[in-house]
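Chemist: Here's a structure for you.
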There are 2 protein chains.
Amino acid sequence: MTSAAEQLGAFISASRPGALPAALRHEGLRSLLNFFGGALGAAQDPAVSTAVQVMAPFSGPQRATLIGRAERLDAMGAAFVNAVAANLLDFDDTHLETVIHPTAPVAPPLLALAELRGVSGATLLHAFILGAEVECRIGCAVSPGHYARGWHITSTCGVFGAAAGAARLLGLDAGRCAAALGIAASQSAGLVENLPTAAKNVGMGNAARNGLLAALFAEAGYTAAPSALEGRLGWAQAMGDAPDVGRITEGLGEHWEFARNTYKPYPAGIVFHAVIDACLALHKGLDPATIAEVVVAGDQLLLDRGDRLPRNERDARVSIHHAAAVALLRGSAGVEDFAAAAVHTPAVAALRGKVRAELDASLPRGAACVTLQMTDGSRRSIELRDPRGSAARPMTDAELERKYHASATGHDAPAQIARLWALEAEPEIGGLMRAFAPRRN
Amino acid sequence: MTSAAEQLGAFISASRPGALPAALRHEGLRSLLNFFGGALGAAQDPAVSTAVQVMAPFSGPQRATLIGRAERLDAMGAAFVNAVAANLLDFDDTHLETVIHPTAPVAPPLLALAELRGVSGATLLHAFILGAEVECRIGCAVSPGHYARGWHITSTCGVFGAAAGAARLLGLDAGRCAAALGIAASQSAGLVENLPTAAKNVGMGNAARNGLLAALFAEAGYTAAPSALEGRLGWAQAMGDAPDVGRITEGLGEHWEFARNTYKPYPAGIVFHAVIDACLALHKGLDPATIAEVVVAGDQLLLDRGDRLPRNERDARVSIHHAAAVALLRGSAGVEDFAAAAVHTPAVAALRGKVRAELDASLPRGAACVTLQMTDGSRRSIELRDPRGSAARPMTDAELERKYHASATGHDAPAQIARLWALEAEPEIGGLMRAFAPRRN
């Protein structure tokens, strides 16, 4: 019986681009479109600028593009910075069962490596889909206990996706692909406690950077325990509670977890999207002055993630109180509604103060029930189970394009979008990446 | 009530070199002497050469020394490679309660940073002791459940020591020192399952490298949750079983965990040292041909770490069977006794096959009882609780010097040793480091 890492290694090394279903490849393109838009939208954020400034002195020859920025870094630095940018505004994609945001930690190291080695678009897309699939499968094996224990699953599983995809791009054999995953297991890290802070970004950047490192060490001959994932003293036991390791390899190549990827219409934690949709619906015809109290009910995850009054824009993106307040007051929930200026708007702050979060364990994950207690004693309530962008109400290609346009201010969005949809015809990723960087002097 | 990270941050930033007790500073020097010897002894190992080869393309200006090697790398790469080398042969130091090897992940990033910034020996020693102290204290808070769960504690806690020491060297204020620790929490990783493989080395290198990164991001203004260590979804809860977070800060500045550091006389996992000492004692006057069976009894940790027949030198260093066989057969347990040639010696392999490990839960951690069942039906047995190098039988300064000489073949060991004992008079770490690199053309 071969181990999980060995089975994944054999799968990764044997897979061929043409064998992937067309719908899956299209989902890969949707994910990358959403990724590039998100990274462009956050590219000038001070957190991204700081990451560039910290990483730059530790960069080798600067041959990899930073999306939306004039500087370049080596592949390790670019993997880090682009992962930070893509995830920064909590506006990326989501594999709902695990709450993994699959693309941010996986695409950046592969794009940087592809740029370095002159890889084609079809080859990149294939490696990306394999990496994201491995990431989601490993996440499924430890969900939901892993997240509940305090692990930021996008970082902890992202490193596997980055390692798997990079191993594929490097053309490693089955044994070395397995070793890359085992080495990634010894680099898996990231905590929920740190989510409302910049430490989260370091975790994201590291998932991308260290996954690449794992593949490069495997290429150079470093090994890992074949049982690194499921062994008694291995990853799933250490980081999971009651892991189901069978899910890592069950139906590999037949069933695709990554095909279940979804995209956020709002730049906030995915678990707040039902809150936002319910509040947007309640906003119509509402006079905010008549609200006495807003009660937001949801499951434990919603409360764990978001029962907080925000002090800054990071808090706001993971705050039930802020998400409800802007949606009720302004009838919108875009990037500006979660920016610092919105956080410090007195009317928003006043309404946030009226929001109370409470547990309703009968609600499924991702759902919310919002009840407005009005000053005249009346109540209005909406229970919402399938927010926009969820599996039941997926964002269409046209909606993803509109989201991209809104993020890519100052860029030639139509040309970029067209080029991304045609990624499989792209001869060389370096050319593509140059279309996402401002012209350099 | 301030958090653990905030208390540690205040402690690190307020501490002054002169305030450290002389005995503690001397323990710091002993640790660094042992560290440099270990790194020199492994500097030419293929695993170290591979690490240099993988990291070199991702190095900025190459201004940091690789101990015992002609190449240089940037501080991030040198931190990684020197940490790999110092720990590679399982010949480093040990804080016995936690089984942390304190120096390998902490000294390298501080030496690299000190070399870059022209720091004095006294300043370096002070920062190193603070870092190692933080590392051991955080380890105490989660021991023994953390290791038992599958965490390689030297890597998982080493990143905190590296971050704390680097934060001190950078002169960060209390808040930024605390942030460095919080950022380190989101980078803590490393698995016991991977210990007999090269993936272990990546975990060690990363602890050093990522700890440095945490401090640099904190310096640049990145923040972390104040409760990153003890919060409900923070490090100790996620990675510990029943953590005692009070131990992180209890008696800070009065009681020094790092003062309990010990040094290995044998290049093998610390838990095997009692096995080796018992077998060395049994070796005297023994005819190996008359051994029918060797029964090695110890606690669960000994069995978890070492109940294996080795296939290579990595296995050998964590094999009860190999450690017992070489000590019984050869009456020695030095670097050569754990090298590949020894592993593949038929007489050693034959005796290894006669070794059986069994649980004796009545024995304390670090102890062993070795019983020889002779072919004539007789038995010889030795129970050993305090092996050489343990807290009860510490290695003397002279023994540490002899150990250094044995590792530093081809180097001017007497001059290096003298310079290390006089570290506090060293004006600038760059000059010191050049004494540990072969002359460059």
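Chemist: Sort out for me the helices (runs of 4 or more DSSP H) sitting completely within region A:324-441 that have 3 or more residues that are aliphatic (A, V, I, L, M) and closer than 28 Å to A:Gln300 by Cα.
Modeler: Once the helices (runs of 4 or more DSSP H) in region A:324-441 are filtered for at least 3 residues that are aliphatic (A, V, I, L, M) and closer than 28 Å to A:Gln300 by Cα, what remains is A:340-343, A:346-352.
Chemist: Given (1) within 21 Å of B:Met374 (Cα to Cα); (2) more than 22 Å from the chain's Cα centre (by Cα), where does B:Leu309 come up short, assuming only one miss?
Modeler: Result: B:Leu309 passes all but (1).
Chemist: For region A:48-78: of the residues being buried (at least 21 other Cβ atoms within 10 Å of the Cβ) and either of a type in the set (Gly, Ala, Ser) or on the phi > 0 side of the Ramachandran plot (or both), which is farthest from the other protein chains (Cβ to nearest Cβ)?
Modeler: This residue is A:Gly68.
Chemist: While we're here: Being under 17 Å from B:Arg365 (Cα atoms) and in a helix (DSSP H, G or I) is the filter here; which residues of region B:143-166 pass it?
Modeler: Within region B:143-166, B:Gly145, B:His146, B:Tyr147, B:Ala148, B:Arg149, B:Ile153 meet the criteria.
Conditions (1) under 21 Å from the mean Cα position of the chain (by Cα); (2) modelled with pLDDT of 95 or more, marked per residue:
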| position | (1), (2) |
| --- | --- |
| A:Val335 | yes, no |
| A:Ala339 | yes, no |
| A:Ala350 | no, yes |
| A:Glu383 | no, yes |
| A:Met395 | yes, yes |
| A:Ala425 | no, yes |
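Chemist: Considering region B:37-47 alone, what residues qualify as being facing another protein chain (nearest Cβ under 10 Å) and touching a residue at least 40 places away in the same chain (Cβ under 8 Å)?
Modeler: Scanning region B:37-47 gives a single hit, B:Ala47.
Chemist: Output the number of residues of region A:177-194 satisfying the condition of being more than 7 Å from every other protein chain (Cβ to nearest Cβ) and more than 11 Å from A:Ala163 (Cβ to Cβ).
Modeler: Summing the residues that are more than 7 Å from every other protein chain (Cβ to nearest Cβ) and more than 11 Å from A:Ala163 (Cβ to Cβ) in region A:177-194 gives 0.
Chemist: (1) among the acidic types (Asp, Glu); (2) surrounded by 21 or more Cβ atoms within 10 Å (Cβ to Cβ); (3) more than 30 Å from B:Ser227 (Cα to Cα): which one isn't true of A:Glu193, the others all being true?
Modeler: Single failed check for A:Glu193: (3).
Chemist: When region B:181-194 is examined, which residues are found to be free of Cβ contacts under 8 Å to residues at least 40 places away in the same chain and in a helix (DSSP H, G or I)?
Modeler: Once the filter is applied, which keeps residues that are free of Cβ contacts under 8 Å to residues at least 40 places away in the same chain and in a helix (DSSP H, G or I), region B:181-194 yields only B:Ala184.
Chemist: Could you go through region B:235-251 and let me know if any residue there is basic (Lys, Arg) and either outside the structural domain of B:Gly182 (by TED's automatic domain parsing) or over 22 Å from the mean Cα position of the chain (by Cα) (or both).
Modeler: No, because not a single residue in region B:235-251 is basic (Lys, Arg) and either outside the structural domain of B:Gly182 (by TED's automatic domain parsing) or over 22 Å from the mean Cα position of the chain (by Cα) (or both).
Chemist: When you scan region B:1-97 for helices (runs of 4 or more DSSP H) that lie fully inside it, which ones turn up with 1 or more residues that are within 23 Å of B:Leu125 (Cβ to Cβ) and among the hydroxyl-bearing types (Ser, Thr, Tyr)?
Modeler: Ranges flagged: B:4-14, B:22-42.
Chemist: Ok, one more. Considering only region A:308-324, state which residues are touching a Lys or Arg at 6+ places or on another chain (Cβ under 7 Å) and not polar (S, T, N, Q).
Modeler: If the condition is that a residue be touching a Lys or Arg at 6+ places or on another chain (Cβ under 7 Å) and not polar (S, T, N, Q), then A:Leu309, A:Asp315, A:Val318, A:His321, A:His322 are the ones that fit.
Chemist: Taking the condition at pLDDT 95 or above, of a type outside the set (D, E, K, R), surrounded by 15 or more Cβ atoms within 10 Å (Cβ to Cβ) and not assigned by TED's automatic domain parsing to the domain that holds B:His152, does B:Gly306 pass?
Modeler: No.
Chemist: Ok, one more. Could you tell me whether any residue of region B:132-142 is assigned to a helix (DSSP H, G or I), within 13 Å of chain A (Cβ to nearest Cβ) and touching a Phe, Trp or Tyr at 6+ places or on another chain (Cβ under 9 Å)?
Modeler: Among the residues of region B:132-142, at least one is assigned to a helix (DSSP H, G or I), within 13 Å of chain A (Cβ to nearest Cβ) and touching a Phe, Trp or Tyr at 6+ places or on another chain (Cβ under 9 Å), which makes the answer yes.
Chemist: Follow-up. Is it true that some residue in region A:333-354 is out of contact with any Pro (no Cβ under 9 Å at 6 or more places or on another chain), among the β-branched types (Val, Ile, Thr), surrounded by 17 or more Cβ atoms within 10 Å (Cβ to Cβ) and under 16 Å from A:Gly306 (Cα atoms)?
Modeler: no
Chemist: Quick one: B:Ala292 ticks every box in (1) in contact with a helix residue (DSSP H, G or I) (Cβ under 9 Å, 6 or more places away or on another chain); (2) away from chain A (no Cβ under 14 Å) except a single one, so which number is it?
Modeler: Condition not satisfied by B:Ala292: (1).
The values are calculated or read from the model by the stated rules, or taken from the named source; none is laboratory data. These numbers were taken from a predicted model, which means no experiment stands behind them. Quick reminder, even Gly has a Cβ in these numbers, built from the backbone with ideal geometry, and neighbours come from all protein chains shown.
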